[in-house]
Amino acid sequence: MTHHPAIGIHDLSLATTEFVLPHATLAAHNGTEVGKYHIGIGQRSMSVPAADEDIVTLAAAAAAPLIATHGSDGIRTVVLATESAIDQAKSAGVYVHSLLGLPSATRVVELKQACYAATAGLQFAIGLVRRDPTHKVLVIASDISRYDLDSPGEATQGAAAVALLVTADPALVRIEDPSGVFTADVMDFWRPNYRDTALVDGQESITAYLQAVEGCWKDYTEQGGRALQDFAAFCYHQPFTKMAYKAHRHLLNYTGHATDEDAARRTLARTTAYNTVIGNSYTASVYLALASLLDSADGEDLSGKAVAFLSYGSGSVAEFFAGTLTPGYRTVLRTAAHTRAVQRRREIDYATYRQLHQRRLPADGGEHLLPEQSTGPFRLAALAGHKRIYTAR
Ligand code: CAA
């Protein structure tokens, strides 16, 4: 038998936007009873990008602390996963590579499959590290979720990036081999190239998600995966945090387990802290769930415990896999920086949110300086000749 080194997530860092809109403000505008947002979908506020932020600035802000800590030695691959691409041809990762000053001896690529693609990136990264255990891969999930104003999806918008450094002998999470995968051609959520906002069939998308939970769990068990009761925690893709509860309840039912609401709350509450105040961050969402679990203030050391991951991307592709938390993981967390990233956001009023939502970048190829609204480490400073000009602070 060949012996494989443990491979997985060595470090994790998140970033989110300059602005935040509380759901109470949205509810006051559209007359919705705020309980529908706070309890019904489990969302308190949404991250809103400034005019000079995009998936590149978010991705670079998430990844920069990883490079500051570990350097770039050994990073020969950068994978950027996104639903909200800024270019049909050039990978957003190339801009990030440049902003971070990574060496030219690097391969960079962008991956897409709605909210799922970062998980594909993680699995591809593990394959590369297995081939050469000195190889490190930077996997970045970066997304801005945008639905039409005054549509049902509007309350589930959000934006964030999560950067993962994937290595052998990882300090945070060892990813296990069996993976359950599932694909079905459904039109639950999609965004044609000519649209800035997603199209969605809300109820169909929930049904499609639950079907995918069954499908990838079934494959996971057929691949020799763990029993459900082995898991100390479950990190679900969270388009809104209530969805994690729907998915978990569905999985328990499907596998013939009792659905105890208190037990579900204990299991899931530790994974929702970031998503409930950030909103849907598409590819980053399931890794924000992991960040919440790791940073969770409830004090339980999960060293050696198994954690389940359920990654879902509409359309649809899903994957169920497991990781074990590396003993000592609590000494290498970035909890204080993550809390700062969430708390530093400036609250905006409804009119400002609406104006930012309606804003589109000029498409005339002229020179345009963008308003300096953001205060993060990187910004989209200008457009010139159809090119995006980024600067670092
Ligand atoms: N107090 C407490 N709860 C309330 C309430 C109140 N005053 N009013 C309503 N609710 C509850 C409802 O009972 C409902 O709960 P259940 O689902 O448990 O029954 C919940 O609030 C939502 O109410 P509705 O279903 O009436 O809400 P809606 O029709 O306006 O839309 C939505 C909800 C479909 C999620 C919509 O926000 C949407 O389309 N979102 C975008 C799509 C999405 O996120 N889909 C998720 C699966 S797809 C995916 O995961 C990929 C992805 O990221 C997009």
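Right, Val166: within 15 Å of the ligand (Cβ to nearest atom) and within 30 Å of Gly328 (Cβ to Cβ) or not? Working first, answer last.
Details: within 15 Å of the ligand (Cβ to nearest atom): no; within 30 Å of Gly328 (Cβ to Cβ): yes.
Taking the combined requirement at face value, the residue does not satisfy it.
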Determine whether Ser47 is assigned to a strand (DSSP E or B), in contact with a Ser or Thr (Cβ under 6 Å, 6 or more places away or on another chain) and closer than 15 Å to Asp143 by Cα.
yes
Every pair of residues 6+ apart whose Cβ atoms lie under 6 Å, when the first sits in the range 313-327 and is over 11 Å from Phe182 (Cα atoms) while the second is part of a loop (DSSP other than H, G, I, E, B) and among the hydroxyl-bearing types (Ser, Thr, Tyr):
Leu325/Ser303; Pro327/Ser303
Counting only residues that are of a type in the set (D, E, K, R) and open to solvent by 30 Å² or more (accessible area, probe 1.4 Å), which one in the range 82-115 is farthest from the ligand (Cβ to nearest atom)?
Arg107
Subset of the range 277-304, residues among the hydroxyl-bearing types (Ser, Thr, Tyr) and within 14 Å of the ligand (Cβ to nearest atom), comes to Ser281, Tyr282, Thr283, Ser285, Tyr287
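List the strands (runs of 3 or more DSSP E) that sit entirely inside the range 57-163 and contain at least 2 residues that are touching a residue at least 40 places away in the same chain (Cβ under 8 Å) and under 19 Å from Val173 (Cβ atoms).
So the answer is 75-81, 136-145.
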Among residues of the range 205-232, those that are closer than 16 Å to Asn253 by Cα, open to solvent by less than 30 Å² (accessible area, probe 1.4 Å) and part of a loop (DSSP other than H, G, I, E, B), counted
0
Strands (runs of 3 or more DSSP E) lying entirely in the range 294-393 (those with 2 or more residues that are open to solvent by less than 50 Å² (accessible area, probe 1.4 Å) and at pLDDT 95 or above)
306-313, 317-325, 378-384
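Yes or no: the range 83-97 includes at least one residue that is among the β-branched types (Val, Ile, Thr) and modelled with pLDDT under 95. Steps first, please.
Initial filter on the range 83-97 (among the β-branched types (Val, Ile, Thr)): 86, 94, 96.
Cutting the leftovers down to modelled with pLDDT under 95 gives us none.
No: zero hits.
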What are the residues in the range 55-81 that are crowded, with 24+ Cβ neighbours inside 10 Å and away from the ligand (no atom under 16 Å from the Cβ), if any?
Val56, Thr57, Leu58, Ala59, Ala60, Ala61, Ala62, Ala63, Ile75, Val78, Val79, Leu80
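For residues in the range 116-158 being among the β-branched types (Val, Ile, Thr) and either touching a helix residue (DSSP H, G or I) at 6+ places or on another chain (Cβ under 8 Å) or closer than 14 Å to Tyr282 by Cα (or both), which is farthest from the ligand (Cβ to nearest atom)? Before the answer, list the steps.
Going through the range 116-158, the residues among the β-branched types (Val, Ile, Thr) turn out to be 119, 126, 129, 134, 137, 139-140, 144, 156.
Then drop every residue that is not either touching a helix residue (DSSP H, G or I) at 6+ places or on another chain (Cβ under 8 Å) or closer than 14 Å to Tyr282 by Cα (or both), which leaves 119, 137, 139-140, 144, 156.
Working: Thr119: 13, Val137: 24, Val139: 19, Ile140: 18, Ile144: 12, Thr156: 4 Å.
Filtering the range 116-158 for residues that are among the β-branched types (Val, Ile, Thr) and either touching a helix residue (DSSP H, G or I) at 6+ places or on another chain (Cβ under 8 Å) or closer than 14 Å to Tyr282 by Cα (or both), the one farthest from the ligand (Cβ to nearest atom) comes out as Val137.
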Boolean, Thr241 is within 18 Å of Phe309 (Cβ to Cβ) and within 12 Å of the ligand (Cβ to nearest atom)
yes
Any idea which of (1) within 30 Å of Arg130 (Cβ to Cβ); (2) among the hydrophobic types (A, V, I, L, M, F, W, C); (3) away from the ligand (no atom under 15 Å from the Cβ) is the one Ala50 doesn't satisfy?
(1)
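The values are calculated or read from the model by the stated rules, or taken from the named source; none is laboratory data. Keep in mind it's a predicted model, so treat the numbers as computed, not measured. All Cβ positions, even for glycine, are placed from backbone atoms using ideal geometry, and neighbour counts span all protein chains on display. What goes into the accessible areas is simple: the full protein's heavy atoms, side chains included, and nothing from ligands, DNA or RNA. Shrake-Rupley method; radii C 1.70, N 1.55, O 1.52, S 1.80 Å.
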